[in-house]
Amino acid sequence: MIRKTQSVSILIALLAMSSVAAFVISACQQAEPTPIPTPVPPTPTEVVMLQPFNTPTMAPEPTATSTVTPTATIPPTPATRETVSMYSAAHRTLDRGEFKDAERRFSTIVEIEPEFSRAWAGRGRARMMQGEFDDAMVDYDRAISLRPRVGSIYGERALVRVSMGDFGGAKRDALRGLELDDELVNAHLVMGRVRATENDYDAASEHFRNAIKLAPDDGGVYWWRGRYHRDILLDGAAAYSDFTYAIELQPAQATYFLDRGILLARVGNFAEAKHDLLEAISLSQDPKLPRVIESADSWLEIIEERAPGVEPVAPPPAPPPID
């Protein structure tokens, strides 16, 4: 339960701060650039993005658990009913978040039926979700060589390229995917990220809006836009709303809590940030998400240095995100 005085405190802090705009961060840099402030009208839950002092920064690329489920269906072409049944079981395992087991199951399928493109794409996604980007690229390359006109595979490979920092390749894949299917959620998300690196914020925002229109009930699209608001536009209020709504839609996603916790820590709301970071660690145990745990631990150490012994407090609710 949110304690009244602490909720009021954070809301007052949010109201008191104003947003600023900044240059987009470089794809190859880990540190954030110094923003050039531009006054904008305040909003009810506004958070100013403060440059942390000697604190870790998250890379702008998505983590292994951030991928939105593909919206397109690739018709399977296996030779036997047994292969179809195995594929369905592997995909259910993937949907449950059991990525290592899913990888093993898809590996068995491609050994039996090496022309089954959907199985290669499935293993690619299982590997991507584990952060095994090089191996995922091999699988997606194979899937595309078998089915070069299936847009959803390009959209997923674009996600891998973004995670590897290959924004040029990600852009090519995303555009090709949209050429084949203009309703690919993953491709719109990638293009939003790419356009932001090109300083084309209007186009970036439009791609994120398109992704939300196509998948309004998927927390991942709000998480992606939340990072864009936080790390690119430095709009803390919008980022807080996006992260909070993503958590409401998918409360078991560790990365959503991690990134909202980082936002709160940066503006000095340490009790609320501690709550989210501890929740991120708890959700990262099964399956194990080492990168999330490591990042959360680093921020918890900083909170302990700045607010020793602070007790975690659940963050207050936020108004719905603005499309």
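The values are calculated or read from the model by the stated rules, or taken from the named source; none is laboratory data. Note that the structure is a prediction, hence the values are computed from the model and not measured. Backbone-built Cβ (ideal geometry, glycine too); neighbour counts: all protein chains shown. Accessible surface is based on the protein model in full, side chains and every heavy atom, while ligands, DNA and RNA are left aside. Shrake-Rupley method; radii C 1.70, N 1.55, O 1.52, S 1.80 Å.
If you go through the range 77-126 and keep only what is farther than 27 Å from residue 283 by Cβ, among the acidic types (Asp, Glu) and touching a Ser or Thr at 6+ places or on another chain (Cβ under 8 Å), you end up with 113, 115.
Please verify whether residue 99 is modelled with pLDDT of 95 or more, hydrophobic (A, V, I, L, M, F, W, C), surrounded by 14 or more Cβ atoms within 10 Å (Cβ to Cβ) and closer than 22 Å to residue 158 by Cα, treating the condition exactly as stated.
Working: modelled with pLDDT of 95 or more: no; hydrophobic (A, V, I, L, M, F, W, C): yes; surrounded by 14 or more Cβ atoms within 10 Å (Cβ to Cβ): yes; closer than 22 Å to residue 158 by Cα: yes.
The answer is no for residue 99.
Within the range 284-323, being at pLDDT 95 or above, within 23 Å of the chain's Cα centre (by Cα) and among the charged types (D, E, K, R) holds for 294, 297. Can you say whether residue 186 is over 30 Å from residue 84 (Cβ atoms) and at pLDDT 95 or above, as far as the supplied structure shows? Considered against the rule, which asks whether it is over 30 Å from residue 84 (Cβ atoms) and at pLDDT 95 or above, residue 186 comes out as no.
Report whether or not residue 303 is open to solvent by less than 20 Å² (accessible area, probe 1.4 Å) and more than 30 Å from residue 132 (Cβ to Cβ).
Working: open to solvent by less than 20 Å² (accessible area, probe 1.4 Å): yes; more than 30 Å from residue 132 (Cβ to Cβ): yes.
Spelling it out, residue 303 is indeed open to solvent by less than 20 Å² (accessible area, probe 1.4 Å) and more than 30 Å from residue 132 (Cβ to Cβ).
A search for C-beta distances below 7 Å between a residue of the range 106-118 that is at positive phi and any residue that is open to solvent by less than 10 Å² (accessible area, probe 1.4 Å), counting only pairs 6+ apart in sequence or on different chains, returns nothing.
Residue count for the range 161-191 under the criterion of being in a loop (DSSP other than H, G, I, E, B) and open to solvent by 40 Å² or more (accessible area, probe 1.4 Å): the result is 5. Evaluated against (1) open to solvent by less than 60 Å² (accessible area, probe 1.4 Å); (2) part of a helix (DSSP H, G or I), residue 114 falls short on exactly one condition, (2).
Across the range 201-233, the number of residues qualifying as without any contact (Cβ under 8 Å) to a residue 24 or more places away in the chain and either touching a Ser or Thr at 6+ places or on another chain (Cβ under 9 Å) or within 27 Å of residue 267 (Cα to Cα) (or both) comes to 4.
No other residue among 311, 272, 304 is acidic (Asp, Glu), farther than 30 Å from residue 127 by Cβ and part of a loop (DSSP other than H, G, I, E, B) apart from 311. Of the residues making up the range 203-211, one or more are of a type in the set (S, T, N, Q) and more than 27 Å from residue 273 (Cβ to Cβ). Residues in the range 213-247 that are of a type in the set (Lys, Arg) and over 24 Å from residue 301 (Cα atoms) were compared, and the one that is least open to solvent (accessible area, probe 1.4 Å) is 225. Of everything listed in (1) within 14 Å of the chain's Cα centre (by Cα); (2) within 19 Å of residue 126 (Cα to Cα); (3) small (Gly, Ala, Ser), the single unmet condition for residue 211 is (2). The residue of the range 248-282 that is farthest from residue 303 (Cα to Cα), among those that are open to solvent by 20 Å² or more (accessible area, probe 1.4 Å) and in contact with a helix residue (DSSP H, G or I) (Cβ under 7 Å, 6 or more places away or on another chain), is 249.
Residues 204, 143: which one is under 26 Å from residue 322 (Cα atoms), among the hydrophobic types (A, V, I, L, M, F, W, C) and open to solvent by less than 30 Å² (accessible area, probe 1.4 Å)?
Numbers: 143 fails: under 26 Å from residue 322 (Cα atoms).
Exactly one of 204, 143 is under 26 Å from residue 322 (Cα atoms), among the hydrophobic types (A, V, I, L, M, F, W, C) and open to solvent by less than 30 Å² (accessible area, probe 1.4 Å), namely 204.
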